[in-house]
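Asker: Can you keep this structure in mind? I'll have questions shortly.
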Amino acid sequence: MADEGEEHGRSDTLPAIEIPPWVGRARAVAGRLESAPTLGALILASSLTGLVAVYVASVYCRQYTFAGLLSFRPYDPPTPMPGWMYPEPFGVHFFGDFLLPLRHSELALPYDTPGMVPSYYPLFAKVVLKPFLLFDYRQALVLFLLVTFVGLLAPIWAMLAPRPISERLFLTLPLLVTGPMIVVFDRGNLQGLVAAAALIGMVGLLRGNNTAAGFWFGIAAAMKAYPVLLLLLLVRVRDWRAAAVGLVTGAVATFGSLLFFEGGAIGNLQALWRTTDAFRDINLDRALTGNHSFKGGFAAMMVNGPDWLHGSATWVYENYGAVSVVLTIALMALAGSRTTSLFGAVTYLAVVMSFGVGVSYGYVPIMMLLAVIVVYAGQLERNVPTACYLLVLALLLAPKGVMVGSSPLALHTYLSPLLATVLVGLVLPGDVRRLWSAWRVRRSGISGGRPATEPV
């Protein structure tokens with residue numbers, strides 16, 4: 001006897017969906033790719049391609065100097081600054097981003113600097129630099145660059161410990177030719193030490209030592225404030241003790257730094273707010289010069305974008321503060337959710353820290369190394385989405401200083417915020433699905449363990 005479905009001419013099974021052959025081949029290839037070596041190869045290929053493009057643009061197309069397109073102009077004395085503060089340069093290069101905060105660390109009132117470029121760093125950053133005052137400038141610079149080099153690469157090298165030395169070299173050395181790494185060392189920027197502390201914290205987190213992670217995240221936050229967002233990674237695993245360690249570490253380092261300077265806690269905090277507020281209050285020219293941020297991308301669209309996009313880009317640019325706050329809060333909420341994958345949480349926070357500020361110079365996206373070290377932990381699934389993550393991440397790190405457009409602007413001004421948006425857009429659906437699934441489980445009253453997440 002026929003069942004009821006057959007009697008009414010209805011099938012209880014859905015027709016099979018034919019998958020195009022190329023989709024199957026893509027899945028097969030992605031399933032064979034190990035994430036760490038794949039990312040290392042993509043970083044090497046994209047960064048070398050970027051370097052060649054910058055060389056061609058500078059030498060053949062005469063756009064600017066090779067160094068200028070990669071980082072900043074070679075002659076870079078921080079001005080204004082009292083004459084006695086200028087050391088003998090390296091040729092014409094002062095490594096100005098190291099020289100200026102080093103000189104600030106010598107002052108009793110670092111934020112009260114008439115006739116001098118103001119300081120934009122918390123006091124703890126200046127305490128970190130004080131030991132370098134024991135050496136003459138050349139020695140101090142070499143030592144600082146060496147400490148930065150070790151601080152950035154040692155955590156990644158340690159995370160790769162189970163792998164053969166040849167493979168560890170292959171995965172580590174290409175990072176030296178990425179855009180942010182080149183700028184960090186060319187400028188001597190303190191962002192390298194900030195990222196180093198954050199990376200050490202990530203190693204602790206990946207190895208299950210959340211207390212150590214909290215400590216180093218607190219150190220990074222004391223040097224440049226916004227790495228305090230990394231404590232959300234501890235909130236994500238509900239390790240409140242480790243998160244408290246991070247908060248206490250950051251607070252002790254911040255307020256303990258007051259012992260080395262005059263002006264008091266309130267006075268110095270007010271002065272820091274004034275200088276950073278002035279830095280954030282950027283005009284259109286600054287938004288378009290060497291900028292990698294989302295705001296810079298919208299500014300570029302205002303100048304060189306199509307007519308149909310001009311109105312929207314202008315509105316976002318003019319209301320960027322409110323827009324960025326809303327989006328940052330949304331990404332922070334996802335980063336702190338237990339259902340979010342570790343790679344997703346780290347990616348959201350790294351993107352906010354690298355591109356969410358109004359001005360993001362070439363050294364700031366070095367915080368994307370946090371996502372790299374998660375990949376190098378070797379626990380991402382082998383599938384097509386992961387392959388896409390790796391490609392976009394590698395392109396984000398590649399040098400992109402070539403000038404393009406009718407009113408020439410650096411390619412990174414357009415491409416960096418776009419790639420960051422694409423990366424978030426690729427990772428977001430999986431995390432949203434897990435969040436939705438967990439919400440449905442709670443709503444239905446079904447008891448059980450923690451909803452499944454991606455391996456990391």
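Asker: Does region 120-139 hold any residues that are in a loop (DSSP other than H, G, I, E, B) and over 22 Å from the mean Cα position of the chain (by Cα), and which are they? Steps first, answer last, please.
Answerer: We begin by selecting, within region 120-139, every residue in a loop (DSSP other than H, G, I, E, B); these are 120-122, 135-136.
If the condition is that a residue be in a loop (DSSP other than H, G, I, E, B) and over 22 Å from the mean Cα position of the chain (by Cα), then Phe135, Asp136 are the ones that fit.
Asker: Scanning region 381-405 for residues that are over 17 Å from Gly430 (Cβ atoms) and among the small types (Gly, Ala, Ser), which turns out surrounded by the most Cβ atoms within 10 Å (Cβ to Cβ)?
Answerer: Gly401
Asker: Let me ask you something else. Of the residues that sit in region 157-171 and are assigned to a helix (DSSP H, G or I) and touching a residue at least 24 places away in the same chain (Cβ under 8 Å), which one is farthest from the chain's Cα centre (by Cα)? Before the answer, list the steps.
Answerer: First, pick out the residues of region 157-171 that are assigned to a helix (DSSP H, G or I): 157-159, 165-171.
Okay, now just the ones that are also touching a residue at least 24 places away in the same chain (Cβ under 8 Å), so 158-159, 167, 170-171.
Working: Ala158: 20, Met159: 19, Glu167: 25, Phe170: 22, Leu171: 19 Å.
Residue satisfying both the conditions and the ranking: Glu167.
Asker: Can you tell me which of Gly378, Gly362 is outside any helix (DSSP H, G or I), assigned by TED's automatic domain parsing to the domain that holds Phe66, touching a Ser or Thr at 6+ places or on another chain (Cβ under 9 Å) and surrounded by 21 or more Cβ atoms within 10 Å (Cβ to Cβ)? Walk me through how you get there before you give the answer.
Answerer: On the way: Gly378 fails: surrounded by 21 or more Cβ atoms within 10 Å (Cβ to Cβ).
Within the list Gly378, Gly362, the selection yields Gly362.
Asker: Across region 82-132, which residue is surrounded by the most Cβ atoms within 10 Å (Cβ to Cβ) among those that are acidic (Asp, Glu) and not assigned by TED's automatic domain parsing to the domain that holds Phe260?
Answerer: Step one: filter region 82-132 for residues acidic (Asp, Glu), giving 88, 97, 106, 112.
Add one more test, that the residue is not assigned by TED's automatic domain parsing to the domain that holds Phe260, and what stays is 88, 97.
Working: Glu88: 8, Asp97: 22.
If we take residues in region 82-132 being acidic (Asp, Glu) and not assigned by TED's automatic domain parsing to the domain that holds Phe260, then Asp97 is surrounded by the most Cβ atoms within 10 Å (Cβ to Cβ).
Asker: What is the number of the single condition among (1) farther than 24 Å from Met181 by Cβ; (2) under 25 Å from the mean Cα position of the chain (by Cα); (3) not polar (S, T, N, Q) that Pro101 does not meet?
Answerer: Result: Pro101 fails condition (1) only.
Asker: Now for a different question. Return the pair list, or none, for Cβ contacts closer than 6 Å from residues in region 37-57 that are within 13 Å of Lys400 (Cβ to Cβ) to residues that are surrounded by fewer than 19 Cβ atoms within 10 Å (Cβ to Cβ), at least 6 apart or on different chains.
Answerer: Ser47/Val177
Asker: Of a type in the set (S, T, N, Q), closer than 21 Å to Ser257 by Cβ and in contact with a Pro (Cβ under 6 Å, 6 or more places away or on another chain): is that true of Ser105 in this structure? Please lay out each step first, then the result.
Answerer: Numbers: of a type in the set (S, T, N, Q): yes; closer than 21 Å to Ser257 by Cβ: yes; in contact with a Pro (Cβ under 6 Å, 6 or more places away or on another chain): no.
No, not satisfied.
Asker: Just to check your reading of the model, which residue among Val303, Val323, Val316 is in contact with a strand residue (DSSP E or B) (Cβ under 9 Å, 6 or more places away or on another chain), part of a helix (DSSP H, G or I), farther than 14 Å from Tyr226 by Cα and at pLDDT below 95?
Answerer: On the way: Val323 fails: in contact with a strand residue (DSSP E or B) (Cβ under 9 Å, 6 or more places away or on another chain); Val316 fails: in contact with a strand residue (DSSP E or B) (Cβ under 9 Å, 6 or more places away or on another chain).
On inspection, the qualifying residue turns out to be Val303.
Asker: Also, I was wondering about something else. Can you name the residue in region 59-81 that is over 25 Å from the mean Cα position of the chain (by Cα) and aliphatic (A, V, I, L, M) and, of all such residues, is surrounded by the fewest Cβ atoms within 10 Å (Cβ to Cβ)?
Answerer: The extreme case among them is Val59.
Asker: Is there any pair linking a residue in region 313-335 that is in the same structural domain as Gly425 (by TED's automatic domain parsing) to one that is in a loop (DSSP other than H, G, I, E, B), with Cβ under 7 Å and at least six apart or on different chains, and which?
Answerer: Matching pairs, first to second residue: Ala313/Gly305; Tyr320/Gly358; Ser324/Gly356; Thr328/Gly356; Leu334/Thr340.
Asker: Kindly provide the set of residues from region 38-85 that are assigned to a helix (DSSP H, G or I), farther than 23 Å from Asn291 by Cβ and of a type outside the set (A, V, I, L, M, F, W, C), ordered by number.
Answerer: Correct list: Thr38, Gly40, Tyr60, Gly83.
Asker: Also, I was wondering about something else. Could you check, for region 225-238, whether at least one of its residues is under 21 Å from Ser337 (Cα atoms) and of a type in the set (D, E, K, R)? Working first, answer last.
Answerer: Of the residues in region 225-238, the ones under 21 Å from Ser337 (Cα atoms) are 226-238.
Narrowing the set further to residues that are of a type in the set (D, E, K, R) leaves 236, 238.
There is at least one residue in region 225-238 that is under 21 Å from Ser337 (Cα atoms) and of a type in the set (D, E, K, R).
Asker: Could you say whether any residue in region 146-167 is in contact with a helix residue (DSSP H, G or I) (Cβ under 7 Å, 6 or more places away or on another chain) and more than 30 Å from Leu342 (Cβ to Cβ)?
Answerer: no
Asker: State the number of residues belonging to region 423-451 that are surrounded by 16 or more Cβ atoms within 10 Å (Cβ to Cβ) and either among the charged types (D, E, K, R) or at pLDDT 90 or above (or both).
Answerer: Number of matching residues: 8.
Asker: Limited to region 86-117, what total is found for residues that are closer than 18 Å to Arg138 by Cβ, among the aromatic types (Phe, Trp, Tyr), part of a loop (DSSP other than H, G, I, E, B) and in contact (Cβ under 8 Å) with a residue 40 or more places away in the chain?
Answerer: 1
Asker: Further, regarding this structure: Is it the case, given these coordinates, that Val184 is buried (at least 22 other Cβ atoms within 10 Å of the Cβ), touching a Lys or Arg at 6+ places or on another chain (Cβ under 7 Å) and closer than 30 Å to Pro74 by Cβ?
Answerer: no
The values are calculated or read from the model by the stated rules, or taken from the named source; none is laboratory data. Just so it is clear, the model here is predicted, and its values are computed rather than measured. Glycine gets a Cβ as well: all are built from the backbone with ideal geometry, and neighbour counts include every protein chain shown.
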